[in-house]
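Beneath this line is the structure, given in structure tokens, with notes to follow.
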Amino acid sequence: MSGSNKEYSWEEAASFAKLSLEKFKEKAEGLKIPGWKTGKFKLGNLEKYFNGSDGEDFDSHIIAISNQKGGEGKTTISLYLAEALSQDHKVLLVDWDPQANATQLFLKEDAPSVMECLGYRGRKKISIKNIIYNISTNFDLVPSALELANLTTPYERDDFELLKEALLPIRSEYEYIIIDCPPSLGLILENALLSADFILVPIQTRAFSLQGIKDLHETITKIQKKANPRLKLLGAILNQYEGQKALSGLAEGIKKYFPVFETVIYRRESIPQAQAKMSLLSKIDNATLKNFKELASEVKGRIHVEKN
Ligand SMILES: Nc1ncnc2c1ncn2[C@@H]1O[C@H](COP(=O)(O)OP(=O)(O)O)[C@@H](O)[C@H]1O
Ligand SMILES: [Mg+2]
């Protein structure tokens, strides 16, 4: 299909993208989609950005790590799943939490944050390419900052898709994009779930609430039905596991709502230590990184099953 030589006019390209001509023009210029100067668009280029089906067939996978409770391991799993995947793939970690915990591990001073790439409430926006910070080989970060907390109220429909739009020009540059979500339900989370292809839910095994899991499940189902039908629930990951005897009962409770990963993440002191030292996990404790590499394999396997 991509080999076709047909050139699309502005109108044809807009209809391919399922956008009004005006909206398409704005997007084509903003994203500098090849053809935006001449008004002649190649199908292959349009597919890259729009795919006729809203980005469904990108080679990249966007995974939101989410749970509206704090302390469940979202940031930890985002960080080290990304680090594990980056050994074989190009990975982008998007810090999408106003608390900016992941960002503070790598950036000591204030840096331009993702908020500057959103254009929320008419704010001037810059390309996300300009704020990407390289952590290590194949491992990049989009920093967050407290100002992201201002993203609270949707003023227009597009406000649900600010992150999705911001990621569009770089989607094809990464194989995995991991979004570290905030500990809340609301517009910030909704933006993450509208951008994502998959959701992973970390659950801290020592103190967890089934009610919280039920609420999150409701939010996800609502988004799948109303706004993002391609969103798939990859499953829940038990975190801080210490060989609890009651685990099978706990996993059963969770399974009513989410599939549960075979891989569990063990409670390891080296995890907070690596974070306190602002270091990659591989530099502190390779054995623990192995646990995340197992998780990465299972994530890849489950994505493969979902996609085929
Ligand atoms: N498997 C683990 N073993 C030991 N400590 C952990 C583990 N997972 C998370 N932690 C610690 O628990 C705290 C909360 O984890 P974090 O990833 O920040 O949760 P969240 O992002 O969901 O709020 C952090 O101090 C982190 O270092
Ligand atoms: Mg966090």
Exactly one of these conditions fails for N134: (1) in contact with a helix residue (DSSP H, G or I) (Cβ under 6 Å, 6 or more places away or on another chain); (2) farther than 20 Å from I65 by Cβ; (3) outside any loop (DSSP other than H, G, I, E, B). Give me its number.
(1)
For the stretch 227-246, state whether one or more residues are part of a helix (DSSP H, G or I) and either modelled with pLDDT under 90 or surrounded by 13 or more Cβ atoms within 10 Å (Cβ to Cβ) (or both).
no
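Take the stretch 199-212 and flag every residue that is of a type in the set (A, V, I, L, M, F, W, C) and touching a residue at least 60 places away in the same chain (Cβ under 8 Å). Even if it seems obvious, please write down each step before you answer.
First pass over the stretch 199-212, keeping only residues of a type in the set (A, V, I, L, M, F, W, C): 199-201, 203, 207-208, 210.
Across the stretch 199-212, the qualifying residues are I199, L200, V201, I203, F208.
Out of L146, L168, L185, which single residue is at pLDDT below 95, over 15 Å from the mean Cα position of the chain (by Cα) and of a type in the set (A, V, I, L, M)?
Only one candidate qualifies: L185.
Of the residues that sit in the stretch 188-217 and are within 11 Å of ligand 1 (Cβ to nearest atom) and modelled with pLDDT of 95 or more, which one is surrounded by the most Cβ atoms within 10 Å (Cβ to Cβ)? Walk me through it before giving the result.
Residues of the stretch 188-217 that are within 11 Å of ligand 1 (Cβ to nearest atom), as a first pass: 201-206.
With modelled with pLDDT of 95 or more added as a condition, the list becomes 201-202.
Values: V201: 30, P202: 25.
Checked the stretch 188-217; the qualifying residue surrounded by the most Cβ atoms within 10 Å (Cβ to Cβ) is V201.
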For the stretch 220-232, name all the residues that are over 20 Å from D158 (Cβ atoms) and among the β-branched types (V, I, T).
I220, T221
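Within the stretch 21-37, count every residue that is at pLDDT 85 or above and either surrounded by 18 or more Cβ atoms within 10 Å (Cβ to Cβ) or assigned to a loop (DSSP other than H, G, I, E, B) (or both). Working first, answer last.
First, pick out the residues of the stretch 21-37 that are at pLDDT 85 or above: 21-29, 33-37.
With either surrounded by 18 or more Cβ atoms within 10 Å (Cβ to Cβ) or assigned to a loop (DSSP other than H, G, I, E, B) (or both) added as a condition, the list becomes 24, 27-28, 33-37.
The qualifying residues number 8.
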Of all the residues that make up the stretch 62-95, how many are within 11 Å of ligand 1 (Cβ to nearest atom) and either among the small types (G, A, S) or assigned to a loop (DSSP other than H, G, I, E, B) (or both)?
9
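Condition check ((1) among the charged types (D, E, K, R); (2) more than 18 Å from the chain's Cα centre (by Cα); (3) in the same structural domain as I178 (by TED's automatic domain parsing)) across all residues:
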| site | (1), (2), (3) |
| --- | --- |
| I213 | no, yes, yes |
| L216 | no, no, yes |
| K225 | yes, yes, yes |
| G243 | no, yes, yes |
| Q275 | no, yes, yes |
| K283 | yes, yes, yes |
| R302 | yes, no, yes |
So how many residues does the stretch 247-283 have that are touching a strand residue (DSSP E or B) at 6+ places or on another chain (Cβ under 9 Å), assigned to a loop (DSSP other than H, G, I, E, B) and among the charged types (D, E, K, R)?
1
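The values are calculated or read from the model by the stated rules, or taken from the named source; none is laboratory data. Computed from a predicted structure; not experimentally measured. As a convention, Cβ positions derive from the backbone with ideal geometry for all residues, glycine included, and neighbour counts pool all protein chains shown.
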